[in-house]
Amino acid sequence: MLKELAKEMRKKISELGADVPQKEIEAKLDLLVNQYRVPEEEARRTVFNQYVRDLKLQRAPAGGGDSPLTKIKDITSDGKWISLKAKVVQLWENEKASIAQAGLLGDDTGTIKFVVWTKSDLPPVEEGKSYIFKNLVTDSWQGRFSVKMNKTTTIVPAEDVEVASNDTEMTGAVVDVQSGSGLVKRCPECNRILVKGACVDHGKQEGEYDLRIKAVIDDGRTAQDIILNQEMTYKVTGIDIKVAKKMAMDAVDPAVVYDEIKRILLGKYFTVKGPVLGSRYLLVKDMQPARAQLDLNTAVKKVEGI
Ligand SMILES: [Zn+2]
């Protein structure tokens, strides 16, 4: 009988994302029931609650149904079970084996960071696609909220969700083009950038070529990290995958693409526009050459007292 109880509890705990040996649960139940003469139901509750506390498990939503559909702007406390209808605005590179995917979700009220634990065994989501995410747990760190997906979470494809525009515009000089820009290879399984031909999760991979730029633009007051995807890289530099591959092959060195991008961008003025994601990167949606006269304009306005 206790064995049956222990088996059931092990399953329940595993649904919350933790693995506990059945023998250990059985021993705890046995101690309470057979030595301390605690009624079975009470023993079951006590042991389960102890695991929830000790393992910091998130209890399944009350009532067993799906947690309430919430808007991103209404996420104001952590440890809550919610559901979201949202678009995957961006997937981030992540090197942690415990995290399957991380990035940003957006709806018509805002954006929020999301994390999918590897052990939750969820199907991967795609950038630009919309889903109904049922049963997520809210979390916060240093005042910023995020949502975590776990074994209780389900992900169902949904019609396109409109994401609130939070574009930032800024004009300044490109003061740095970071290494890792140019021709890169991504893991076909998880989209991470391969380092020396290997993915942290999936090992050695042939990989798929991609082009991207990570740079810093400075308007004299702030330095802003910016990211350009393959399409934007082409629009701004004229280099597409085909050209980049040829450049790399001719030089027998993929770093020539990085060097060329630096030559084109460094020290030049641009107006960039796009959402600032994850509070750090401005994802460039539009980038136009600008004249370096901003400071002069500001100075004139100051003199004129405008
Ligand atoms: Zn991978």
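The values are calculated or read from the model by the stated rules, or taken from the named source; none is laboratory data. Here the structure is a predicted model, which is why all the values come from computation and not from measurement. Don't worry about glycine lacking a Cβ; one is built from the backbone with ideal geometry, like all the others, and counts go over all protein chains shown. Just so you know, the surface numbers come from the protein's heavy atoms only, side chains and all, with ligands and any DNA or RNA stripped out. Shrake-Rupley method; radii C 1.70, N 1.55, O 1.52, S 1.80 Å.
Here are a few things to note about the model shown:
- Electrostatic dipole magnitude of segment 2-54 [Cβ: Lys, Arg +1; Asp, Glu -1; Cα centre; debye, to 20]: 20
- The mean sequence distance of close C-alpha pairs (under 8 Å, at least 6 residues apart), as a share of the length of segment 89-225, puts its relative contact order at 20 percent.
- The chain, relative contact order [Cα under 8 Å, separation at least 6], %: 13
- With Cα atoms as the point set, segment 2-54 shows a radius of gyration and Dmax of 10.2, 31 Å.
- Think of the chain as a dipole: +1 on every Lys or Arg Cβ, -1 on every Asp or Glu Cβ, centred on the Cα centre; then among 76, 92, 38, 38 lies furthest on the positive end.
- Per residue, the chain exposes 58 Å² of solvent-accessible protein surface, assessed with a 1.4 angstrom probe and all protein chains in place.
- Fluctuation leader among 290, 27, 255 - the chain, Gaussian network, Cα springs under 10 angstrom: 27
- Cysteines, the chain, no other Cys beta-carbon under 4.7 Å: 190
- Counted charge near residue 163, where neighbours are those whose Cβ lies closer than 10 Å (Asp, Glu -1; Lys, Arg +1): -3
- Long-range tail of P(r) for segment 167-289 (Cα pairs > 22 Å, %): 36
- In a reduced charge model with +1 at each Lys and Arg Cβ and -1 at each Asp and Glu Cβ, the chain shows a dipole moment near 440 debye about its Cα centre.
- Out-of-range pairs (alpha-carbon distance over 28 Å; input 87/273; 3/80; 87/119; 87/185; 3/134): 3/80; 3/134
- Rounded to the nearest 0.05, the FRET efficiency derived from the C-beta distance between residue 54 and residue 121 at R0 = 25 Å is 0.60.
- Taking amide H atoms as placed 1.01 Å from N in the peptide plane, the amide H of residue 38 lies under 5 Å from those of 33, each 5 or more residues away in sequence or on another chain.
- Förster radius 51 Å - calculated FRET efficiency between residue 46 and residue 167 (Cβ-Cβ, nearest 0.05): 0.45
- Lys/Arg +1, Asp/Glu -1 at C-beta; segment 133-291 dipole; positive extreme among 205, 158, 183: 205
- Viscosity 1.306 mPa s, 10 °C: Kirkwood-radius Stokes-Einstein D of segment 1-144 over Cα pairs, µm²/s: 92
- Binning the C-alpha pair distances of segment 88-200 at 10 Å intervals from 0 yields a P(r) profile of 12, 38, 33, 16, 1 %, listed from the shortest bin outward.
- Take every Cα pair under 8 Å whose residues are at least 6 apart in sequence, average their separation, divide by the length of segment 167-289, and the relative contact order is 32 percent.
- The chain - Rg over Rh from alpha carbon coordinates, Kirkwood radius: 1.11
- q = 0.14, 0.22, 0.29 Å⁻¹: log10 I(q)/I(0) that the Debye formula gives for segment 226-294, counting C-alpha atoms only: -0.50, -1.00, -1.26
- The calculated FRET efficiency for the pair residue 37 and residue 156, based on their C-beta separation and a Förster distance of 30 Å, comes to about 0.05.
- Here the dipole of segment 167-289 is about 120 debye; that uses its Cα centre as origin and unit charges on the Cβ of Lys and Arg (positive) and Asp and Glu (negative).
- Reported value for segment 180-244: 96 Å³ per residue, from the convex hull of its C-alpha atoms.
- Inter-part distance where segment 119-158 and segment 1-59 are each reduced to a Cα centre, Å: 28
- Length released on extending from residue 23 to residue 99, taking residue separation times 0.36 nm less the Cα-Cα span: 24.5 nm
- Surface composition of the chain: carbon plus sulfur atoms hold 51% of the accessible area, using a 1.4 angstrom probe and ignoring ligands, DNA and RNA.
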